[in-house]
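The values are calculated or read from the model by the stated rules, or taken from the named source; none is laboratory data. The structure presented is a predicted model; accordingly, all values stated were derived computationally and were not measured. Glycine also receives a Cβ, built like all others from the backbone with ideal geometry; neighbour counts cover every protein chain displayed. Accessible surface areas use protein heavy atoms only, side chains included; no ligands, DNA or RNA. Shrake-Rupley method; radii C 1.70, N 1.55, O 1.52, S 1.80 Å.
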Amino acid sequence: MKILQRLDIEPIFLPNQTCCGQPLFNSGFKNQAKLIATEFLKTFGVNDYPIVSPSGSCVDMVVHHYHELFPAGTPEHDLCKDITSRTYEFSQFLVNFIKITDLGASFPHKVTYHPSCHLLRGLGVNQEVYQLLNGVRNLQLIPLPEAETCCGFGGVFSVVYPDVSRKMMNNKIKNILSTDVEYVIANDAGCLMNISGGLSKAGSSVKAIHLIEVLASTGGDQ
Amino acid sequence: MTDRTPNYIHFSDYTKHIPENIPVAVQQATNRFLGNREARVAELPNWQELRQVAHEIRLHTLENLDFYLTQLERQVVQNGGVVHWAANSAEARAIVIDIATQHQVKTVVKAKSMASEEIGLNEGLSEAGIQSFETDLGEFIIQLAGVGPSHIIVPAVHLKKEEIANLFANKLGVEAPPEPVQLTAIARNILREKFLKAEMGISGANFLIAETGTLVIVTNEGNGRMCTTMPDIHVAVVGIDKVVPDWDSLTVLLKLLARSATGQKLSTYTSFISATSRGSSEGGPKEFHLILLDNGRTRILHDPLGRETLKCIRCGCCLNVCPVYKNVGGYAYGWFISGPIGAIFTPQILGTHIAQELPFASSLCGACVDVCPVKVPITEILLHLRQRVVEGNQHVKPSAPLWIRSAGKIGTLAFQIPWLYQLGTRLLPFLTAPLNKRGWIPSLPPPFNRWTRVRPFPAFSARFRKWWSK
Amino acid sequence: MSNTNPIIDNIRKALNRLPNDTVSNKPSILKPRISGSQESELDMLIAEINKLSGFARRITIDQIESELLNLIKVEKITKTLLWDTPWLNQFNARKFLESNNIEIIPNNSSKDKLAQCELGITEADFALPETGTLVLLSSQSKPRTTSLLPRVHLVLLNPQVVVPDLHQVFASTRDNPYTVFITGPSRTSDIELITTLGVHGPKSLYVWIIC
C-alpha cells in the first residue's frame, strides 16, 4: 500500500473477495474450484480497474487456468476474458504496466532472491524483479545457487509427500545459508511460508521477506 | 522387479525409506547430463524452433496415427518383414514366445527396450524356458542383481564398482577387479559369446519411419547393432506411438534426442533397419518380426490432452531436471518408467485406481515443461489426472478415498461464501492462540502435523483486514 | 489385413477418423545446415571425432602402407576383415596386409571366424562434420560385421563424401536396407558414470582422410 501511495495510485480492496481457487484446482477439484472462481469473477467484475496481487501463483491461476474453467460457451466466458486480461502480479504491474523500476526505496542489507516457480515459469516474470531490486539503494544482492530449483512447497504436495518436500526444502535452505545473507526475498506466500519455516527450524537468523517489503522500505531496519 | 504390473503403486510409502545412495548417485548422473545438455543447447541457436517443430511433428503423427501405422505395416511387409499387433502385454509376450518356440530358440540377446520391460518380457521368456540376456551394460548389471533401474538412461548408476565386482564374482564366477575397464571387458567377453550363439535378438526401437518401414535404434555401446545383426531372427517390440512420418521428420527428432538425454551431439550408434537380409552375406538376420504394442495407448488417444503424453521420445531429460525425482530415484515410481513422464504415463496406462499417488508426486514447478524436446505439457496433464483421481470423469470413478473428496467439498464452501471466509480469518487466530509460540505454530494435530513435522506453521493473524478497515 | 485390425479401428474411433481419411497437413521442416569450405569441414570432422577419443587425421596415398604397418604393430593385429569396394581396392591394402602376414578373413565366413578378427577396414559412404559421424551403408561387399565385431575399426575416408547435414544423407540412404551412423568408438558410463570405451562395438576408431 505504501508503494501504491508513493506512486499516487488508489488501491481498492473489495471485501467480498476470498480466494482464486488455486489450492482446490491444484488438488484436482476442478469442478469445486470453478465454484470459487465464479465468485472471484463476480467480485472483481464490479469495476474494470487492473487487479493486482502480491502472489505469483494466484495470478498464474487466473491468467493461465481460468480459461479452462470458463471456455467459450459458458456464461462467464466473456467476464473471464476481461478479468484475465487485467490481472497482474505486483512486480509485473510496476515494471510492465506502470513502467517504473525505481521506487525510491532503500534497503541497506545483504539479500538473495528465490524466484518462485509460478512466477518464473508460469508468468515468465524474472528480469522485472531484478530491475526493481536494481533500483533499491544500498542493497547488496548475492546470487542464490540453484535459484531456479523448486523450494518444495508445491501447495498440496507439501502435505501429501512431506518427506520429499522436506528434502527439497532442506536443499533450498542449504543454498540460502551458503550465501551468508541477512534476508532472502521471495514473491509467493507459499514459498515464504515454507522457507521461513525451514529457516526457523534450522535455527537461522536469516529472515524471509516479500519483495514488496523491500520496495516499501526507505532505509531503516524492518 | 518390474516384470509384473503392480497392483498398486505406494509412492508415499516408497518415498519414506529411500536408501541414501540412490539420490546421491542419481543427482551425480543428472547433473552431468544437464551440464552437457546446456553446452549442446547453446551451440544450436534454433533450439526453441526445433522443439516447436518436433512437437508439431509428434502431434500430427498421433492425430493421423491410423494412416501412418497402416503405411508402416505395408512397407515392412514389402521389405520382407512380418508385422504382429499386440493389444496388451500378455498378447505381446505370447507372440514373442511363439516365434521363439517355432524356431527352437534357446538363447535370446536383448537390446535395451523399455517396451519389453513394460510387457514383462524377461519373466515371460524365463517361464517358457528360454534364456534371455540383457546386453546393455547397465541392464546386464541390474539383471544380475535382480533389481529395477534407478534411472532410465543409466539404470545401474546407484551401484558402486565394488558392488558390481562382487556381483560378477558371485553370479558369473569370474575374478573381477573393481575397475570399470576390467568389469566392462568381462561383460564384453561374456556377452560376445551370447551374441554369437543366440538364435534370436530382441530389440525395441527409438523410432519407426512409416515412409520406408524403417526401424531406428540408438545406442552408445553397440549392443543394439549386435542384437539386430548376429542372430538369425530379429524381433522388435515397439509401442505404436513410436511411429514417425518420414525421414525429414526424423531429422528434427534426432537433433534433439541425444542432446536432451545425455548432452551428446549424437549417440555413438544409430542403426536404420529396413529389411531382412534374406540369407545374403550382407551379414544380417534372415527373419524380422515387428510387434506393434497398444497396451492402453489407443485409450489415451481418446483424450486430447492426455494424448500429448504419447509424444514422448524417452530422452529422460524431464527426470534430469525434476527435484522430486532427484530426491527419490526411479524405484519409487513403481514401474519401468519414472520421473515426470512416469507420473503421467503410468496412471493413464495402468489406471488411476493403481497409480493415483503419482499425479500428486510433483510440486508443479514446471522445470520439466521447459526442457521437454517435444513439449509434452506435463504439469497440465498432472492437473488433469489429479482431477480424474478426486473427481473422476465420464469414464472413470474417482479413486481418492471419501474423506479426501469430502475435504475438497468442505474447503470449497469455506472459500466460496464470503461471510464464512471472513469469519474464518477472525476465528483462526483466536482458536490457534494456545499453539502460537512467538509467531510460529511448531506442531499441530494430525493430519495437519504433515506440515509441522517438517517445519513450523506461521501463526494466524487477521492483520490485513483489520488494518484496511481503519 | 488392416480392414479387420482392431487396434487400427480403436485408433480411428479415438481420433474420429474414417478409413479413407487423408492425412492433415504435415508441419514444415527447418532448413538444413549450410556447408563451409571443404578444408574447414574436414577440420571440423577431424576435431569432432578426436573429441570422442577417435583417431582422425589427413594422410596421403603414399602414407597408407607405412601407417597400416604402424597400426598393425601398435594394435597387435593378426586377422582382418576388409570391405570389397572400388574405392578401397585402389589402395591394394589386401595384398599389402597379406604380404605382412596378416590373414584376411573372407566376409562370408562363419560368425565365430569373423569374430576372431582384431581389425575391420571400411570406407564411409558419407561423413557429417558437425557431429563427427561416419555413415556406412551395408551390402554383400560391405557387410555390417566389418565395422562391428573387431576391436579396431579403420575407415579410409574419401574427402568428397563429407556433407553438411542429415537431410542430405537421408535423401541418398533412405532406400537402403541397412545403414549405420558411427559417432566415435563404442562407449558406456553405466558404471559410476565413468566413461569406458569398447563395450560391444570397436574400442578404437581410426579415420584416415586420404588427401
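Can you give me the relative contact order of chain A as a percent, contacts being Cα pairs under 8 Å and 6 or more apart? Numbers along the way, then the final one.
Details: 326 pairs, mean separation 44.3, N = 222.
Relative contact order, chain A: 20 percent.
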Exercise. Of the listed peptides B:106-118, A:7-19, what is their order by residue-averaged count of other C-beta atoms within 10 Å, with the highest listed first?
Worked result: B:106-118, A:7-19
For this session: Would you tell me the mean number of C-beta atoms belonging to other protein chains that fall within 10 Å of each C-beta in A:171-178, as a whole number?
Result: 1
For this session: Please work out the Kirkwood hydrodynamic radius for chain A, using every pair of different C-alpha atoms, and report it in angstroms with one decimal place.
Result: 18.4 Å
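If a/c stays under 1.5 just call it rounded; otherwise compare a/b with b/c (prolate if a/b is bigger, oblate if not). Do that for the range B:205-285, with a ≥ b ≥ c from the square roots of the Cα gyration tensor eigenvalues. Walk me through the intermediate numbers first.
Working: a/c = 2.12, a/b = 1.41, b/c = 1.51.
It comes out oblate by the Cα gyration axes.
What is the Cα convex hull volume of the range A:110-215 when expressed per residue in Å³?
Details: hull volume 9.4 nm³, N = 106.
Output value, Cα hull per residue: 89 Å³.
Looking at the protein assembly as shown, send over the antiparallel percent of its DSSP beta bridges, to the nearest 5.
Details: 26 of 87 bridges.
So the antiparallel bridges amount to about 30 percent of the total.
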For this session: Excluding residues on the same chain fewer than 8 positions from residue A:201, give the lysines whose Cα lies under 30 Å from its Cα.
Result: A:110, A:167, A:172, A:174, B:16, B:326, B:437, B:466
Problem set entry | Dipole of the range C:118-211, positive end: most advanced residue of C:127, C:176, C:150 [Cβ charges, Cα centre] | C:150
For this session: Using only Cα atoms, locate the centre of the range B:47-68 and the centre of the range B:353-405, then give the distance between them in Å, rounded to an integer.
Result: 23 Å
For this session: Collect residues whose amide H, placed 1.01 Å from N in the peptide plane, falls under 5 Å from the amide H of residue A:218; neighbours closer than 5 in sequence don't count.
Result: A:106
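Which value, in debye to the nearest 20, describes the size of the charge dipole of the range B:104-236 about its Cα centre when Lys and Arg Cβ atoms bear +1, Asp and Glu Cβ atoms bear -1, and nothing else is charged?
About 280 debye.
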Exercise. For the pair residue B:20 and residue B:131, how long in nm is the line joining their label points, each one 7 Å along Cα→Cβ?
Worked result: 4.0 nm
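In a shell of Cβ-Cβ distance under 9 Å around residue B:384, excluding residue B:384 itself, what net charge do Lys and Arg (+1) and Asp and Glu (-1) give? Display every interim value, and only then the final one.
Working: positive: A:30, B:386, B:388; negative: B:303, B:380.
Local charge sum for residue B:384: +1.
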Exercise. Once you wrap a convex hull around the alpha carbon atoms of chain B, what is its projected area averaged over all directions, in nm²?
Worked result: 27.0 nm²
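Mind pulling up the Rg/Rh value for the protein assembly as shown? Radius of gyration and Kirkwood radius, both on Cα. Please report the intermediate quantities before stating the final value.
Numbers: Rg = 30.5 Å, Rh = 30.0 Å.
Ratio of gyration radius to Kirkwood radius: 1.02.
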Seminar exercise, completed: In debye to the nearest 20, the charge dipole size for the protein assembly as shown, taken about the Cα centre with +1 at each Lys and Arg Cβ and -1 at each Asp and Glu Cβ, equals 2280 debye
Exercise. From the backbone phi of the range C:61-74, what are the Karplus-calculated ³J(HN,Hα) couplings (6.51 cos²θ - 1.76 cosθ + 1.60, θ = phi - 60°) in whole Hz, Gly and Pro given as x?
Worked result: 4, 4, 7, 3, 5, 5, 5, 4, 4, 4, 4, 4, 5, 4
For this session: Using a 1.4 angstrom probe on heavy atoms only, work out the carbon and sulfur share of the accessible area of chain B in %.
Result: 55 percent
For this session: Return the sequence-ordered ³J(HN,Hα) values of the range C:145-157 in whole Hz as given by the Karplus equation 6.51 cos²θ - 1.76 cosθ + 1.60 applied to θ = phi - 60°, using x for Gly and Pro.
Result: 5, 4, 9, 10, 6, x, 7, 10, 10, 10, 10, 9, 9
Exercise. Which distance in Å, rounded to a whole number, links the C-alpha centroids of the range C:137-211 and the range C:18-37?
Worked result: 27 Å
Exercise. For the range C:78-187, treating each Cα as an identical point scatterer without solvent, what Debye log10 I(q)/I(0) comes out at q = 0.14 1/Å?
Worked result: -0.57
Seminar exercise, completed: Taking C:105-116, C:183-194 and ranking on average Cβ neighbours within 10 Å, highest first, one gets C:183-194, C:105-116
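Taking every pair of distinct Cα atoms and averaging 1/r, then inverting, what Kirkwood hydrodynamic radius in Å comes out for the range B:284-398?
Working: mean 1/r = 0.0676 Å⁻¹.
Hydrodynamic radius (Kirkwood, Cα only) of the range B:284-398 equals 14.8 Å.
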Seminar exercise, completed: Relative contact order in percent for chain C (Cα pairs under 8 Å, 6+ apart) equals 24 percent
Exercise. For the range C:81-211, what is the charge dipole size about the Cα centre, in debye to the nearest 20, if Lys and Arg each add +1 at the Cβ and Asp and Glu each add -1 at the Cβ?
Worked result: 240 debye
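Kindly give the semi-axes, whole Å and largest first, of the ellipsoid equivalent to the range C:146-211, taking each as the square root of 5 times a Cα gyration tensor eigenvalue.
Details: eigenvalues 129, 50, 30 Å².
One finds semi-axes of 25, 16, 12 Å for the range C:146-211.
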Problem set entry | Farthest positive-ward along the range A:2-95 dipole, Cα basis, beta-carbon charges - from A:32, A:62, A:95 | A:32
For this session: Over all alpha-carbon pairs of the range A:2-95, lay out the pair-distance distribution in 5 Å bins, whole %, shortest bin first.
Result: 2, 13, 25, 25, 18, 9, 4, 2, 0
For this session: Read phi for every residue in the range B:74-79 and hand back ³J(HN,Hα) as whole Hz from Karplus 6.51 cos²θ - 1.76 cosθ + 1.60, θ = phi - 60°, with x for Gly and Pro.
Result: 4, 5, 4, 5, 4, 6
Exercise. When we measure straight from the Cα of residue B:160, which aspartates and glutamates land under 19 angstrom away, once same-chain ones fewer than 8 places off are left out?
Worked result: B:20, B:136, B:139, B:175, B:179, C:190, C:192
Exercise. Residues of B:150-157, mean number of Cβ from any other protein chain within 10 Å of their own Cβ, rounded to a whole number?
Worked result: 2
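Rounded if a/c is under 1.5, else prolate if a/b beats b/c, else oblate: with a ≥ b ≥ c from the C-alpha gyration tensor eigenvalues square-rooted, which is the range B:4-119?
On the way: a/c = 2.06, a/b = 1.20, b/c = 1.71.
Oblate, because a/c is 1.5 or more while a/b does not exceed b/c.
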Problem set entry | Theoretical gain in end-to-end length, residue B:63 to residue B:192 [0.36 nm per residue, Cα-Cα removed] | 42.2 nm
Exercise. Distance from the Cα centre of the range C:92-127 to that of the range A:96-141, in angstrom?
Worked result: 67 Å
Exercise. Among all the lysines, which ones have a C-alpha under 22 Å from residue A:42's C-alpha, if same-chain residues fewer than 8 places away are not counted?
Worked result: A:30, A:34, A:81, B:409
Exercise. Assuming R0 = 30 Å, what is the FRET efficiency of residue C:89 and residue B:44, from their Cβ-Cβ distance, to the nearest 0.05?
Worked result: 0.15
Seminar exercise, completed: The answer for residue B:295, listing residues at least 5 apart or on another chain whose modeled amide H is closer than 5 Å to its amide H, is B:88
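Once a ≥ b ≥ c are taken as the square roots of the eigenvalues of the Cα gyration tensor of the range B:39-187, is the result rounded (a/c under 1.5), prolate (a/b larger than b/c) or oblate (a/b not larger than b/c)?
Working: a/c = 2.68, a/b = 1.24, b/c = 2.16.
In terms of gyration-tensor shape, oblate.
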Exercise. Over all residues in B:403-412, what is the mean tally of Cβ atoms on other chains that come within 10 Å of each residue's Cβ?
Worked result: 4
